[in-house]
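Visitor: The following block contains the structure, expressed as structure tokens.
The values are calculated or read from the model by the stated rules, or taken from the named source; none is laboratory data. Everything numeric here is computed off the predicted structure, so don't read it as measured data. Neighbour counts are summed over all protein chains in view; Cβ atoms, including those assigned to glycine, are modelled from backbone coordinates with ideal geometry.
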Amino acid sequence: MSFAIPAATSITSLFVIKTDFYTNKETGEVRASVQALSPIPEGANGNGKGYEVTEYAADASVLDAIDLSNGPTSLKFESQIRPITNRFGKTTNTQVLTKALVEQPRQQQQQPSKPAAQAEPKV
């Protein structure tokens, strides 16, 4: 019996502050990353409170959808867990951003225009 196991995907919302990429000189592979601010979970980092910078691996095509020209931005991404080999040769299962989900702006419902009241001629 043959069957395909679908890749588990999830939606991740991030407050993106930086994107970066480099090209592996040996393989020509482009490695992309996205940095975002994440709240520090209570008790997770000693006495730390506030926010920390979290870096995510990303498909290079994801960077094209991120516009930081007006400053940091909040975006949603589709992500998958993939085996990734880092630059030191260690392979780990890592969350990878695979697609930026750009929300379409909602169109305002147009109100039927009322005809302008016509002025009655004065007699």
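Visitor: Answer yes or no as to whether Leu68 is at pLDDT 90 or above and within 25 Å of Ala7 (Cβ to Cβ).
Guide: Against the criterion (at pLDDT 90 or above and within 25 Å of Ala7 (Cβ to Cβ)), Leu68 does not qualify.
Visitor: Confirm whether Lys49 is without any contact (Cβ under 8 Å) to a residue 40 or more places away in the chain and of a type outside the set (Val, Ile, Thr).
Guide: For Lys49, the condition - without any contact (Cβ under 8 Å) to a residue 40 or more places away in the chain and of a type outside the set (Val, Ile, Thr) - is met.
Visitor: With respect to Leu75, is the statement that it is aliphatic (A, V, I, L, M) and part of a loop (DSSP other than H, G, I, E, B) true?
Guide: Here the answer is no, as Leu75 does not meet what is asked.
Visitor: Restricting attention to segment 1-41, which residues are in a strand (DSSP E or B) and either among the β-branched types (Val, Ile, Thr) or modelled with pLDDT under 85 (or both)?
Guide: If the condition is that a residue be in a strand (DSSP E or B) and either among the β-branched types (Val, Ile, Thr) or modelled with pLDDT under 85 (or both), then Thr9, Ile11, Thr12, Val16, Ile17, Thr19, Thr23, Val30, Val34 are the ones that fit.
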